[in-house]
1. Based on what the data block shows, is Ala110 small (Gly, Ala, Ser), part of a helix (DSSP H, G or I) and under 28 Å from the mean Cα position of the chain (by Cα)?
2. On the basis of being assigned to a helix (DSSP H, G or I) and more than 26 Å from the chain's Cα centre (by Cα), does Ala48 make the cut?
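Every number here is computed from the coordinates shown, using simple stated rules; none is lab data. Bear in mind that the values here come from a model prediction, so they are computed numbers and not experimental data.
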Amino acid sequence: MDEQCMKLMKKQSFWAKVTALCMLGIFLVALVTALTLVPQATRVMGNAEKTLEEADIAVQDLQKTADALAQVDFEGLVNDTQDLVNDSSAGIEQAIGKLEAIDIDGLNSAIEDLESVVSPLAKLFGGK
């Protein structure tokens with residue numbers, strides 16, 4: 001029985017060594033993985049933190065813009081613009097009325113009369 005126990009113990013010892021080597025291999029793989037992934041994960045977390053800070057700043061800027069827009073009196077702005085258009089329209093209508101009131105035929109007649117008076121004077125002083 002002694003010999004049989006020795007064989008079993010040798011087998012058990014062999015399998016214990018195989019198990020230990022497998023565990024060592026698993027540990028080394030886990031260690032290498034951790035050493036390569038942890039710095040990358042740290043960088044990713046740092047980048048994520050920067051991105052969140054920038055997003056927070058953008059949200060604050062949007063909130064300020066929204067507050068400023070909420071304070072704008074759009075109805076008053078539209079009313080002022082409408083009043084400006086109406087005033088300009090009235091001024092244009094007055095100018096058109098004055099242009100229509102000009103007697104173009106009378107003005108042409110006056111220019112012809114002036115020319116007939118000035119023409120002899122121009123000839124007298126040596127003009128054409």
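1. Numbers: small (Gly, Ala, Ser): yes; part of a helix (DSSP H, G or I): yes; under 28 Å from the mean Cα position of the chain (by Cα): no.
For Ala110, the condition - small (Gly, Ala, Ser), part of a helix (DSSP H, G or I) and under 28 Å from the mean Cα position of the chain (by Cα) - is not met.
2. Values: assigned to a helix (DSSP H, G or I): yes; more than 26 Å from the chain's Cα centre (by Cα): no.
Here the answer is no, as Ala48 does not meet what is asked.
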